[in-house]
Each structure stands twice: as C-alpha cells, then as structure tokens.
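Everything below concerns the one structure shown next.
Bear in mind these aren't lab numbers, they're just calculated from the coordinates by the rules spelled out. Nothing here was measured: the structure is a model prediction, and the numbers come from that model. We place every Cβ from the backbone using ideal geometry, glycine too, and count neighbours over all the protein chains shown.
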Amino acid sequence: MLQIDNLHVRVAGKDILKGLSLQVQPGEVHAVMGPNGAGKSTLANLLAGHEGYEVMAGSVRFLDRNLLELQPEERAAAGVFLAFQYPVEIPGVNNTYFLRAALNAQRKHRGEQELDSVQFLKLVREKLAILDLAPDLMNRSVNAGFSGGEKKRNEIFQMAVLEPRLAILDETDSGLDIDALKQVAEGVNRQRSADRAFIVVTHYQRLLDYIVPDFVHVLAAGRIVESGTKELAHKLEEHGYAWVAERQLEGADA
Amino acid sequence: MSACVPLLDEVLKQAAVGQPYFDGAESAWLAQLRQGERAVLAREGLPDRHNEAWKYTSLRALAQQRFIIGDSEAGQRPVPETELHLPGVDGPRIVFVHGVFRADLSSLQEMPAGLEVTTLGQVLSTGAASLRSWMERPIADGAAAFERMNLVMATDGVSLRVKAGFHIEAPVHLLYLGIDTDAKLAWHTRAHIELQAGAELSLVEHYAGSSQSEQFATVVSEIRMHEDARLQLTQIQHATEAVTLVRHEHFHLAPRAHVGMHTIELGGALVRHEIETLLEGEGAIFDTCGLFAPQARQHVDIRLDIRHQARDTRSSATWRGIADQRGHGVFHGGIVIERGADGADARLHNKNLLLSDRAEIDTQPVLEIYADEVQAAHGATVGQINEQALFYLRSRGLPLAEARRLLMVAFCREILDGIFPQSLQEYLAERLIKHLPLSMQG
C-alpha cells in the first residue's frame with residue numbers, strides 16, 4: 001500500500017531523512033520510534049504533503065501512485081490522514097461545517113455521492129459515541145479552546161469520520177494523561193481493519209501498550225536502523241535510545 | 001487650485017445656474033447657503049494627497065472624469081423586484097434610484113406608530129426649522145470637499161424620524177440603487193435621521209445595483225440621537241465595481257444615547273466612507289464594527305473620527321480588512337477624548353489580512369487624550385493567512401481555494417456574528433465568499 005524507498009529529505013538546507021525505506025501493507029500497524037530530532041515528524045508531515053520539505057532522492061508510492069506529486073487535499077482524498085502532533089486552533093471555523101465540507105470534498109474527488117446534513121449528522125453521532133466526545137464539541141470552532149486531550153481525541157474523531165486507508169498518528173500520546181491515552185488508543189483500535197493501515201509515530205513505548213503494533217521501527221539520524229516486532233519496543237524501553245546509537249555504530253563498523 | 005478639474009468644473013457650473021432644490025421647493029436660505037458653500041468649494045478645490053486626511057487616497061483619476069449630474073429618468077427606470085429585498089429585513093422600505101426617491105418601489109403603506117418617513121423636499125416645503133439647523137452645520141476645511149459638494153448638489157433625500165418613546169421593531173430598509181444606464185451619471189443625496197428621546201430604531205442602509213457604466217455618488221447622513229435613544233444600524237455596501245461612492249455620516253449622541261453599527265463594504269471602484277461621531281452627552285455609547293475587502297483594483301478608504309465630548313462616554317471600533325490582488329484598503333481610526341470627557345472609555349482594533357503581494361492596507365490608529373481617568377486601548381495589525389491552519393484544512397481534504405475562503409470568513413466571523421437582523425449573517429457570509437476572488441494561487 002505504502003512504499004517508501006531510499007528517501008532523502010532536506011528541510012531548510014539541513015538533511016533530515018537520509019535514505020529511509022519503509023513498506024506498509026493494508027491491515028498493518030507500524031510503530032516508528034526514535035529519539036528527538038531523528039526525523040519522525042518530518043516523515044509524518046511529508047507524507048501528508050506539508051510544504052517546505054525538499055525531496056533530494058528516493059520515492060514514495062501509495063496505492064500505486066506517486067504520493068509526492070499530489071497536493072495535500074489530493075492525498076486526503078486518496079486516503080492519507082495525519083493526526084497532528086499539534087492540532088491547529090482555527091477560531092471562527094465551525095467544527096461540524098468544516099468536517100462535513102472536508103468529507104464531501106473527498107467524496108466528490110473520488111466521484112462518490114456527497115452526504116446531506118441528515119446523513120452526516122447520523123454519521124457524526126455514531127462516531128462521537130465511540131470516542132466519548134461531548135456533542136457540543138461539534139458546535140465549537142475547530143480545536144479553539146480545546147484541552148490537550150480534547151484536541152487529540154478530536155483528531156481521532158475526524159479520522160473515524162473520514163475513514164482513511166492510511167492513518168499516520170504523529171506523537172498522539174504527547175501531553176495525554178493515562179485515561180485520555182487509553183481513550184485515544186481505544187478509538188484507534190476500533191478503527192483497525194483489514195484494509196486500513198496505521199503508522200504510529202511515538203517517542204515512548206507507553207502508547208504501544210494500548211495500540212499494539214505489528215511492526216516496530218527505530219528511526220535514528222534519518223534512517224530506519226532497526227526493525228522488529230513489538231518486543232523491540234520493550235527492548236528500547238529497557239535500554240534507551242543510546243542502545244540504538246551503539247547498535248548503529250556497530251552496524252557502521254561491520 | 002489647478003486649472004483643469006473636470007469633475008469639479010461640472011459641479012461648479014451646474015451649481016452656478018442653480019441646482020433644483022429638493023422636490024423643487026423654494027427656499028431663500030438654502031439658495032444662500034448653497035451659493036456660499038459653492039464659493040468655498042471653488043476656492044479650495046478637491047483635496048490632494050498633501051492633505052493628511054487624503055494621504056492614501058488619490059483623487060487625480062476621479063477629478064479628470066466628467067459625469068452627467070442628476071438622472072432625469074431616475075423616477076421611471078425599471079428595477080427588478082429581486083433588487084429590493086434582503087432576507088429578514090421586513091419593515092418599511094425606502095428606495096432611492098440615482099438619489100431620487102421612488103415611491104413606487106418603496107413600501108411605506110404599513111407604517112409603524114411613531115415612525116415618520118418623508119422626503120427632504122416635503123420637509124422643506126413645510127418650512128421645518130430643524131432642516132435648516134442641520135444643513136447649516138459648519139463643514140470643516142478642504143478635506144471635506146465632498147460633504148460640501150453634497151450640500152451644494154443634493155437633489156433629494158430622506159427624512160426619517162422616530163418619535164419620543166417609540167420602539168420600531170421591524171428593521172427599516174433604506175436602499176440606494178445605481179442601475180445600468182448609457183450615461184456616466186453623478187448623483188448626490190442626503191439622509192436626515194432623528195431618534196427622539198427614548199426612541200429605538202433598527203435600520204439597514206443598503207447600497208446595491210447593476211450599474212456597468214461608471215457612476216459617482218455622494219451620500220451624507222446626519223444622525224441625531226436624543227437622550228436614551230437607541231439605533232441599531234447595519235450598512236451593507238455592494239455597489240458594482242463601476243461606482244465611486246463617497247459617504248459621510250455625522251452622528252450626534254445626547255446623554256445615554258446608544259448607536260450600534262455594523263458595516264460591510266464589498267463593492268465600489270473607489271470608496272471613501274467617513275464616520276464622524278460626536279459623543280456630546282454624558283454616558284453616550286457608540287459601537288462600530290466593520291469589514292472592508294478590496295479585491296481586483298478596488299480602493300476602499302474608511303475614516304473614523306470619534307470625539308468624546310462628555311463624561312463617561314464609551315466607544316468601541318472593531319474593524320477587519322482583507323485585501324487581495326491589487327486591492328488597496330485604508331483604515332484611519334481617529335479617536336479624540338476632549339477636555340472634560342473624564343471617565344471616557346475608547347477601544348479601537350483593526351486587524352487586516354493581505355492575500356497577495358500586490359495588495360495593500362494602510363492602517364492608522366490615532367488616539368488623542370485630553371481628559372482624566374480615561375480608559376483607552378488601540379491596536380492595528382496587518383498579517384497574512386495562517387499557513388498552518390491552511391495546511392490543516394487541506395490535509396483533511398478541502399481544496400486550497402475552499403480552505404482559504406473558510407479561513408477568510410472565519411477572520412470576519414466576529415464582525416458578521418453581531419449583525420442584525422440575524423438572517424443577514426449567513427446572507428452576508430455568502431456574499432463575502434462570492435466577492436473574494438475566484439482564481440487564487442497557492
């Protein structure tokens with residue numbers, strides 16, 4: 001579904017990704033872990049189409065298309081979703097209006113029938129229940145005045161409504177207390193399915209106790225230096241990222 | 001003054017032969033007043049950009065134009081029914097076409113008790129002294145050339161009065177239309193609005209039309225608010241982009257009078273809108289919110305001049321500007337707290353958004369305080385669209401143009417949300433979206 005090959009990316013003149021490769025198949029959950037500054041957020045934002053990233057080499061294919069050629073809205077319509085590390089507050093834009101406009105824009109792009117307000121509200125009510133979000137949240141401005149936990153849950157709620165093929169969660173656990181973390185994880189787990197894949201970007205292993213990944217990758221210095229199953233996350237937790245740096249050096253020596 | 005100013009020459013020529021008075025009513029004092037003001041106009045000419053009040057708005061191109069003053073067919077020109085309505089504005093309707101009152105298009109049959117609507121001509125023919133005192137109000141220096149021109153040239157106007165203690169519930173619709181003709185027309189009209197003690201009125205002042213040929217119009221409104229009177233004024237200006245429109249409002253507020261005003265400026269080629277407010281009575285309140293959005297080659301110049309003259313008076317001004325393409329916006333927010341106006345409270349905020357490299361907004365908050373125990377705050381910013389918010393919306397699937405429009409309407413939300421009647425809020429949000437350019441690049 002997603003195929004990243006030898007990706008080199010530069011941001012503001014600085015090399016951030018240096019030969020990253022990753023393959024994701026439908027139904028899989030991949031965790032990408034790594035120390036601060038390893039390039040995790042760059043990877044997440046790049047996949048969603050954020051401007052300001054210079055691709056120096058390599059390729060990204062998504063469902064047999066060159067993802068890098070697509071505008072952010074085209075990527076969304078193709079099924080890419082990014083849950084932001086810092087969801088943006090947009091005062092004056094109504095949550096319901098925004099989400100319906102977004103969903104219908106995607107559907108239109110795919111040649112599907114747009115939802116009328118009755119159909120949309122029914123969908124919203126279903127999904128709100130899953131995430132235990134207060135319905136009045138929908139009448140507020142997008143993320144404006146939301147607590148940290150509300151913002152993150154709102155991201156997962158949007159994901160539930162938009163039903164992407166590939167969801168990228170960028171540090172969704174940051175700033176959450178344990179109860180909020182469990183709720184968010186529960187929201188994500190309910191959306192796991194055979195044709196949907198996840199990339200879970202995180203610094204800490206904690207989130208992976210609740211969203212159990214099929215694969216764990218360690219990103220360091222712009223490359224994936226280690227891949228494994230969920231046990232790798234536990235090993236990291238035990239030894240810290242310094243351990244990865246050592247392994248990296250050993251690899252370089254060999 | 002310079003030798004060749006066709007715009008002014010035409011006015012002076014016509015004024016010399018005697019501009020017909022309102023409805024043809026005879027009046028010696030008005031003839032005399034007009035001749036006097038004509039002489040001042042001839043002497044001072046039009047202001048240029050050396051005049052501080054016209055620093056950002058050049059009149060050079062306008063001054064070179066010739067217009068036909070007054071439209072002899074204004075009383076008969078057909079107007080489509082759809083031009084006459086605004087959603088939720090269902091009170092009496094007063095319609096002017098090219099500055100001429102149209103009884104046939106107006107709707108004044110079911111007049112609420114306490115509301116009097118007549119033309120200035122009718123007022124003049126009954127010799128009402130109030131008209132004279134209002135029109136003889138001194139006009140300032142050369143910066144006010146258009147106010148003076150209006151006084152000299154206005155052929156008609158509305159007189160609107162709410163008697164003491166009456167509350168007019170349904171919003172009154174005052175509509176000025178400029179419609180398409182073969183000629184380049186100039187028209188000048190006035191409004192005299194009086195709310196007596198404790199009276200309340202909701203008024204929608206509306207500029208619209210279909211003119212594709214160039215027009216030049218001036219409208220001067222005198223608004224007198226007696227003690228405890230309340231006015232809710234909504235101004236909607238979506239004239240065509242062939243119209244040059246100069247408006248001047250002159251508010252007088254007696255003790256505890258309150259004006260709440262919302263202004264939406266969308267149309268016009270060259271627009272100058274002056275709002276002059278005298279808070280004369282203790283405890284008087286003036287609130288103005290507004291939005292201007294010059295696109296293409298539109299030039300919109302908003303000028304507030306709010307004077308606190310009495311104790312415990314309050315004013316607030318919240319304005320937003322959006323300029324795109326080669327649009328040019330000017331916002332001058334002048335507030336003076338005069339000696340003796342102790343305990344006054346004045347707030348002014350102007351936020352602006354520039355959407356293209358060639359767009360320009362000049363904003364100038366000016367606060368002068370000569371009194372004690374005053375509270376005042378003012379601020380102005382010019383910024384660009386929030387790229388993070390734009391990316392966020394696009395990442396959810398909204399196309400670029402739609403995401404930008406959503407953010408622009410959001411930027412104006414604070415202004416739109418206060419508009420009365422409420423039914424106009426969505427109507428104006430949609431008009432705003434349509435007004436913003438279709439072809440927007442990333």
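Rounded to the nearest 10 degrees, the inclination of helix A:178-190 to the longest alpha-carbon principal axis of chain A is 80 degrees.
Cα centroids of the range B:212-244 and the range A:129-170: 44 Å apart. Counting charges near A:Gly228 (Lys, Arg +1; Asp, Glu -1) among other residues having Cβ under 15 Å from its Cβ returns a value of -3. Taking Cβ atoms as reference points and 14 Å as the exclusive limit, the residues near A:Pro135 contribute a net charge of +1, counting Lys and Arg as +1 and Asp and Glu as -1.
Can you figure out the FRET efficiency of B:Asp180 with B:Val374, using R₀ = 35 Å and their beta-carbon distance, to the nearest 0.05? After rounding, the FRET efficiency stands at 0.10. Compactness of the range A:21-92, taken as the C-alpha radius of gyration over 2.2 N^0.38 Å, stands at 1.19. For chain B, the 222 nm mean residue ellipticity estimated from helices alone, with every DSSP H stretch of n ≥ 4 adding -39500 (n - 2.57) and the total spread over all residues, rounds to -6500 deg cm²/dmol.
A dipole drawn for chain B from +1 and -1 charges on Cβ atoms has a positive end, and of B:Ala401, B:Ile322, B:Leu33 the residue lying farthest that way is B:Ala401. From the alpha carbon centroid of the range A:56-85 to that of the range B:87-108 is 56 Å.
Here the label points at A:Arg247 and B:Glu282, each 7 Å from Cα along the C-beta direction, are separated by 8.1 nm in the simple model. In plain terms, the residue of A:Met138, B:Met149 with the fewest other Cβ atoms within 10 Å comes first and the most crowded comes last, giving A:Met138, B:Met149. Where in the range A:198-227 does the label zone of A:Asp15 land, with the point 7 angstrom along Cα→C-beta and an amide N cut-off under 13 Å? Correct set: A:221-223. Could you tell me which GluC sites (Glu not before Pro) in the range B:68-100 are loop residues by DSSP with no more than 16 other beta carbons within 10 angstrom of their beta carbon? Answer in residue order: B:Glu73.
At R0 = 56 Å, how high is the FRET efficiency between A:Arg107 and B:Gln32 if r is their beta carbon distance? Nearest 0.05 is fine. Result of the calculation: an efficiency of 0.20. So, in Å, what gap is there between the alpha-carbon centers of the range B:135-175 and the range B:183-199? Cα centroid to Cα centroid, the span is 4 Å.
In chain A, the DSSP-assigned H stretches of four residues or longer account for a calculated mean residue ellipticity at 222 nm of -12000 deg cm²/dmol, using -39500 (n - 2.57) per stretch and the full residue count as denominator.
Counting Cβ atoms of other protein chains within 10 Å of each residue's Cβ and taking the mean over peptide A:45-52 gives 3. Is the C-alpha gyration tensor of the range A:63-179 telling us rounded, prolate or oblate? Criteria: a/c under 1.5 is rounded; beyond that, a/b larger than b/c is prolate, otherwise oblate. Cα axes put the range A:63-179 in the oblate bin. Most simply put, the protein assembly as shown has about 20% antiparallel DSSP beta bridges, counting only bridges with both residues inside it. Shielding of peptide B:381-387 by partners, expressed as the average count of other chain Cβ atoms within 10 Å per residue Cβ, is 1. Compared with the direct C-alpha span, the chain from B:Ala16 to B:Gln65 gains 15.7 nm at full extension, assuming 0.36 nm per residue.
Full extension of the chain segment joining B:Ala401 with B:Glu83 gains 111.6 nm, where the gain is 0.36 nm per residue of separation less the Cα-Cα distance.
Taking a ≥ b ≥ c as the square roots of the eigenvalues of the Cα gyration tensor, an a/c ratio of 1.5 or more together with a/b larger than b/c marks the range B:315-370 as prolate.
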